[in-house]
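First the structure, in the form of structure tokens, and then the observations on it.
A short reminder: the numbers here are calculations on the coordinates, not readings from a lab. Quick caveat: nothing in here was measured; it's all calculated off a predicted structure. Positions of Cβ are backbone-derived with ideal geometry, glycine not excepted, and every protein chain shown enters the neighbour counts.
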Amino acid sequence: MNEAPVIEVAGLTKRFGDVLAVDGIDFTVARGSVTALLGGNGAGKTTTISMLLGLLLPTAGTMRVLGEDMVRHRYRVLPRMNFTSPYLDLPHRLTVRENLSVYGHLYGLPDVRGRVGQLARDLQLGDFIDREAGKLSAGQKTRVALAKALLNTPDLLLLDEPTASLDPDTADWVRGYLETFRKAAGASVLLASHNMGEVERLCDQVLMLRAGKIVDRGSPAALIQKYGRRNLEEVFLDIARKRGIGALDQAAQ
Amino acid sequence: MTAHAATMWTQPAVLMLRRVLAMLVRYALLLKNSWTRIFELIYWPSIQMVLWGFISVFLRQNSSWVAQAAGVLIASVLLWDVLFRGQLGVSVSFMEEMWSRNLGHLFTTPLRPLELAVALMAMSLIRTLIGTIPAALLAIPMYQFSIFTLGLPLIAFFANLLIFGWALGLMLSGLILRFGQSAESLAWLAVFLLAPVSAIYYPVEILPGWLQAIAWALPSAHVFEGMRAAMFDHVVRLDHLASAVALNAVYMVLGAAAFLFAVRVARQRGLFLNMGE
């Protein structure tokens with residue numbers, strides 16, 4: 001069994017003019033694990049995910065994804081990856097079925113119709129699969145985006161705020177489905193989220209980002225213990241507000 | 001599906017073809033789902049043809065030059081529309097991806113930029129045929145002129161203008177990708193910059209010397225000179241045809257290079273995530 005990490009990032013840097021969006025980060029994602037990128041707005045989460053997807057070229061550093069150099073050989077691994085992003089849409093004027101079929105062929109699936117049908121059942125898209133993508137509710141759009149992300153049964157799934165703007169019930173359902181998929185497919189997941197409960201529930205490892213740097217890392221339980229907090233949200237606030245470990249307790253004393 | 005069939009469907013060459021066809025289907029579905037888009041495709045070429053048809057009727061009675069070849073102005077406007085629609089077909093299909101914020105999805109699939117370009121060009125051919133064939137057919141009962149009487153040279157004229165339109169469309173798509181929505185109007189305007197020097201309705205020789213040099217650097221000028229030679233003198237000017245083909249080869253390389261360069265710049269600047277309606 002190949003136990004090499006699915007993502008190996010070293011010195012990864014992205015600069016936009018004077019802005020250093022990602023500042024020399026290093027991390028690995030173990031096969032079959034779920035890793036979260038946590039940080040405030042502008043911390044560098046989406047930029048990091050975009051680089052890992054090959055959508056954005058790094059200014060410096062190296063990225064190996066599923067064993068391949070993502071800058072030089074991304075087409076070798078793109079068929080084995082997929083993602084969702086709140087910044088992108090599927091074409092509004094095509095129906096859900098049409099959109100998924102187009103993407104099924106782009107990913108070279110051997111049986112597009114069968115896979116779309118299976119995802120429609122699994123993700124309960126049946127009621128709106130022949131509706132135009134632009135006429136769906138936020139929850140329906142999220143499920144369709146997830147279906148698109150799972151079309152090729154990816155070995156690596158990158159999820160940028162997968163439950164943003166969802167009601168708690170739908171968000172919980174999505175989390176449950178992701179857990180089921182990961183266990184069944186043995187996939188690895190890199191997740192950017194602002195929902196700390198989601199991260200605690202799903203993730204094995206958390207990377208805390210601030211101003212483009214990884215300022216701390218560990219399992220959710222280890223970070224909570226390290227900072228002496230009750231939950232990850234308090235840890236997040238400590239880090240986002242540049243408070244050191246146990247600073248809140250000291251302030252209380 | 002059998003194992004053999006599944007293997008066949010995942011061969012590299014088949015996968016490439018499937019990706020191109022998937023994009024073509026995506027654009028065709030967009031067109032199929034919107035009758036207003038189909039109407040618009042047919043509307044402008046037909047209106048142009050009707051307008052220039054009446055001008056032709058008038059000039060035929062008042063101009064010895066036009067009288068020598070009935071329908072020369074109608075043929076000119078129809079062929080000009082091939083160039084315009086060819087360019088617009090590429091640019092508009094590309095802009096559809098920007099408007100629907102879909103480029104980020106596309107460029108994280110195995111779809112290569114050149115495969116996308118091939119799909120855009122194939123869709124441009126379909127859009128051009130939808131737009132120009134009704135106008136060409138309408139000219140037959142209205143003005144007793146059939147552009148199809150040009151015969152085989154018509155195919156050469158059509159192909160050269162379409163390919164030049166593709167090259168321009170790829171260059172403009174690259175510019176639109178680089179500069180965003182503020183550059184979108186270029187898709188409709190840019191080709192008209194070439195109209196005066198393409199010698200659509202008049203010979204190149206009436207242009208000032210320095211403009212003639214520019215005109216001969218455009219495949220379109222060679223095509224329209226070739227068209228007039230076919231209609232006035234009933235000869236096929238192979239020299240113009242060869243020049244148009246050679247120039248088109250150069251423009252296609254430039255168009256593809258500009259498009260690929262723009263994709264690379266977009267990847268450097270993170271433009272795929274920051275564009276849309």
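Computed over chain A, the P(r) curve from all C-alpha pair distances, binned at 5 Å from the origin, holds 1, 6, 13, 17, 18, 16, 13, 9, 4, 2, 1, 0, 0 percent per bin.
Counting only residues at least eight positions apart within a chain, or on another chain, the lysines with an alpha carbon under 20 Å from that of residue B:32 are A:135. Working note: Debye formula, equal point scatterers on the alpha-carbon atoms of region A:41-151, no solvent; log10 I(q)/I(0) at q = 0.19, 0.20 Å⁻¹ is -1.00, -1.05. Against the empirical curve 2.2 N^0.38 Å, the C-alpha radius of gyration of the protein assembly as shown lands at a ratio of 1.18. Once the Cα atoms are used to define both axes, helix B:113-143 deviates from the longest principal axis of chain B by about 30 degrees.
Remark: region A:176-187, residue by residue, has Karplus-estimated 3J(HN,Hα) of x, 5, 4, 4, 4, 4, 4, 5, 5, 8, x, 7 Hz, where x stands for each Gly or Pro and the curve is 6.51 cos²θ - 1.76 cosθ + 1.60 at θ = phi - 60°. With the charge dipole of the protein assembly as shown set up from +1 on Lys and Arg Cβ and -1 on Asp and Glu Cβ about the Cα centre, the Cα lying farthest toward the positive end among the listed residues B:80, B:142, A:106 is that of A:106.
In a simple Cβ point-charge model (Lys, Arg +1; Asp, Glu -1; nothing else charged), chain A has a dipole of about 340 debye relative to its Cα centre.
Listing B:40, A:98, B:96 from fewest to most neighbouring C-beta atoms within 10 Å gives B:40, B:96, A:98. Listed from fewest to most Cβ neighbours within 10 Å, the set B:56, A:219, B:173 follows the order A:219, B:56, B:173.
Extension gain, residue B:21-residue B:152: 0.36 nm per intervening residue step, less the Cα-Cα distance, totals 44.3 nm. Ordered by the count of other Cβ atoms within 10 Å of each Cβ, fewest first, B:81, A:18, A:23 give A:18, A:23, B:81.
Per-residue extension of 0.36 nm, minus the Cα-Cα distance of residue A:62 and residue A:172, leaves a gain of 36.1 nm for this segment.
Partner lysines whose Cα lies under 17 Å from the Cα of residue A:45, excluding those fewer than 8 positions away in the same chain, are identified as A:14, A:213. By the compact-protein rule of thumb, 2.2 N^0.38 Å, the alpha-carbon radius of gyration of region A:50-115 corresponds to a ratio of 1.32.
Straight-line cross-link partners of residue A:242 among the aspartates and glutamates, defined as a Cα under 13 Å from its Cα and at least 8 positions apart when in the same chain: A:216, A:234. Taking all Cα pairs closer than 8 Å and separated by 6 or more residues, the relative contact order of chain B comes to 23 percent. The value given for region B:95-210 is a Kirkwood hydrodynamic radius of 17.0 Å, derived from the mean inverse Cα-Cα separation. From helices alone, the protein assembly as shown scores -18500 deg cm²/dmol at 222 nm; the rule is -39500 (n - 2.57) for each run of n ≥ 4 DSSP H residues, then divide by the residue total.
Near residue B:107, once Lys and Arg are set to +1 and Asp and Glu to -1 for all other residues with Cβ below 10 Å from its Cβ, the sum equals +2.
Ranking B:158, B:246, B:259 by Cα position along the charge dipole of region B:118-277, where only Lys, Arg, Asp and Glu carry charges on their C-beta atoms, puts B:259 farthest toward the positive end.
In this structure the amide hydrogen of residue A:16, modeled in the peptide plane, comes within under 5 Å of the amide hydrogens of A:21, none closer than 5 places in sequence on its chain. The residue among B:44, B:231, B:271 whose Cα reaches farthest toward the positive pole of the charge dipole of chain B, with charges on the beta-carbon of Lys, Arg, Asp and Glu, is B:271. Quick one: check the C-alpha center-to-center distance for region A:65-142 versus region A:175-225, whole angstrom. Value for the Cα centre distance between the two parts: 23 Å.
Kirkwood radius and radius of gyration were both taken over the C-alpha atoms of chain B, and their ratio Rg/Rh is 1.02. What does the charge add up to near residue B:224, with Lys and Arg as +1, Asp and Glu as -1, over the other residues with Cβ less than 13 Å from its Cβ? Neighbourhood net charge equals -1.
Between region B:203-264 and region B:53-130, what is the C-alpha centre distance in whole Å? A separation of 16 Å, based on Cα centres.
Axis angle, to the nearest 10 degrees, between helix B:12-32 and the longest C-alpha principal axis of chain B: 60 degrees.
Residues whose amide H lies under 5 Å from that of residue A:83, counting only those 5 or more places away or on a different chain, are A:158; hydrogens are built 1.01 Å from N in the peptide plane.
Assuming charge only on the beta carbon of Lys and Arg (+1) and of Asp and Glu (-1), the dipole of region B:3-273 about its Cα centre is about 820 debye to the nearest 20. The fraction of Cα-Cα pairs per 10 angstrom bin, counted from 0 for region B:18-74, comes to 22, 26, 19, 18, 13, 2 percent, rounded to whole percents. Put simply, the amide H of residue A:188, placed in the peptide plane, has neighbours under 5 Å in A:32, A:156, A:157, leaving out anything fewer than 5 places away on its chain.
For residue B:47 and residue B:234, a Förster radius of 41 Å and the Cβ-Cβ distance give a FRET efficiency of 0.85, rounded to the nearest 0.05. Computed 3J(HN,Hα) for region B:171-187, one whole-Hz value per residue from the Karplus formula 6.51 cos²θ - 1.76 cosθ + 1.60 where θ = phi - 60°, is 4, 5, 4, x, 5, 5, 4, 6, 9, x, 4, 5, 9, 4, 5, 4, 4, glycine and proline marked x.
Counting only DSSP beta bridges whose two residues both lie in chain A, roughly 55 percent are antiparallel.
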